[in-house]
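The block underneath contains the structure these notes are about, expressed in structure tokens.
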Amino acid sequence: MKGKYLNPKADLTFKKIFGEHPDLVMSLLNALLPLDEGKQIDSVEYLTPELVPETPLKKNSIVDVRCHETGGRHFIVEMQMNWNDEFKQRVVLNASKAVVKQLDANETYDLLQPVYSLNLINDTGFDSALDDFYHDYAIVNVAHTDRIIEGLRFVFVELPKFFTSKQQGLRMPSPIAMKKMAVLWLRFLTEIGKNTEEAPAELLENPNTCKALKIIEKAAYTEGQLLAYEEFWDAVNNERVAVKGGYKKGFNAGLAEGHAEGFAIGKEEGRAEGRAEGRAEGRAEGELHAATEQARRMKADNMPVELIAKYTGLTPQQIEQL
């Protein structure tokens, strides 16, 4: 691998930066979330990234970073490498779980704290009709959008669109333009990669991004960690190729079948449903395979089981069986 740094968007590096350093995740959240004046985050405590349902029959999920203020708001941070429509539903599900898990059976609703979900997307496809890279969603009154029900807030940031806007010198959206730290963090996530020999001066001069740069210096990682890092990118690229190939096949099949009206319409609906289910199952299987291979490498490098579980999402029992 060329360059001095690893890419901060990889699962290993992203969780190491923002999942182990409270000051850095606080800086990121304060920079990118639409927090009211005077309501900046000044302390956080990490929570387990695993959101376990109340019953084993319901869906389990793991987020990249989950934390909360002492006695206050809850925050979820996700880095999504490849875009898919199911990701929106997963974001809603995970944020809703974070609300539900706050209360025990005998506690009252007034104890609930707001949940903020920050989602960084390293792909296109979120909303191609808009040039904006920053998307802020709240529960609002349809007729009077200034009326908001507090409790859930979703922010999606499209990193490729930010990079293009910055390169072309376009005007930043108002939530970002007023925050220098927001631009610095987004530059850190989009400009630093495996071929970076020297980081921009602005990132080295800021204490937060400078600290993050030191965390992802390649020299700080073991051979096993670097192998796991490379396998992560192989899995990301393979998934992207597979998804794009599936869409192309589906389009060609649909075009051919579209000439036969009644039966073909029903057939296409079935094919579309089958493709969607197949992509979801294939993606899940691919993610599990990539996580298993990453864990195998980390275990061979004698990394602690709890650390391997944190980075890969596998359970300690699964890791012990490798």
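List of remarks:
- Flag for Gln113 being surrounded by 12 or more Cβ atoms within 10 Å (Cβ to Cβ), touching a His at 6+ places or on another chain (Cβ under 9 Å) and not in a strand (DSSP E or B): yes
- Only one of the numbered conditions (1) crowded, with 19+ Cβ neighbours inside 10 Å; (2) under 17 Å from Lys9 (Cβ atoms) is not met by Lys97, and that is (2).
- Assessment of the range 155-173 against the conditions (free of Cβ contacts under 8 Å to residues at least 24 places away in the same chain and more than 29 Å from Asn84 (Cβ to Cβ)) yields at least one matching residue.
- Qualifying helices (runs of 4 or more DSSP H) (wholly inside the range 149-219; at least 1 residues being farther than 20 Å from Phe14 by Cβ and modelled with pLDDT under 95): 159-168, 174-177, 180-191
- Asp42 falls short on exactly one of the conditions (1) assigned to a loop (DSSP other than H, G, I, E, B); (2) crowded, with 21+ Cβ neighbours inside 10 Å, and that condition is (2).
- Reported count of residues in the range 1-39, each being closer than 22 Å to Gly224 by Cα and either in contact with a helix residue (DSSP H, G or I) (Cβ under 8 Å, 6 or more places away or on another chain) or assigned to a helix (DSSP H, G or I) (or both), is 18.
- Residue match in the range 118-136 (condition: buried (at least 20 other Cβ atoms within 10 Å of the Cβ), over 13 Å from the mean Cα position of the chain (by Cα) and within 26 Å of Lys310 (Cβ to Cβ)): no
- Within the range 126-139, the presence of a residue that is aliphatic (A, V, I, L, M), in a loop (DSSP other than H, G, I, E, B), farther than 15 Å from Met79 by Cβ and in contact (Cβ under 8 Å) with a residue 12 or more places away in the chain is excluded.
- For the criterion of being outside the structural domain of Glu239 (by TED's automatic domain parsing), over 23 Å from Glu86 (Cα atoms) and at pLDDT 90 or above, Val115 fails.
The values are calculated or read from the model by the stated rules, or taken from the named source; none is laboratory data. Fair warning: this is a prediction, and the values are worked out from it, not measured in the lab. Quick reminder, even Gly has a Cβ in these numbers, built from the backbone with ideal geometry, and neighbours come from all protein chains shown.
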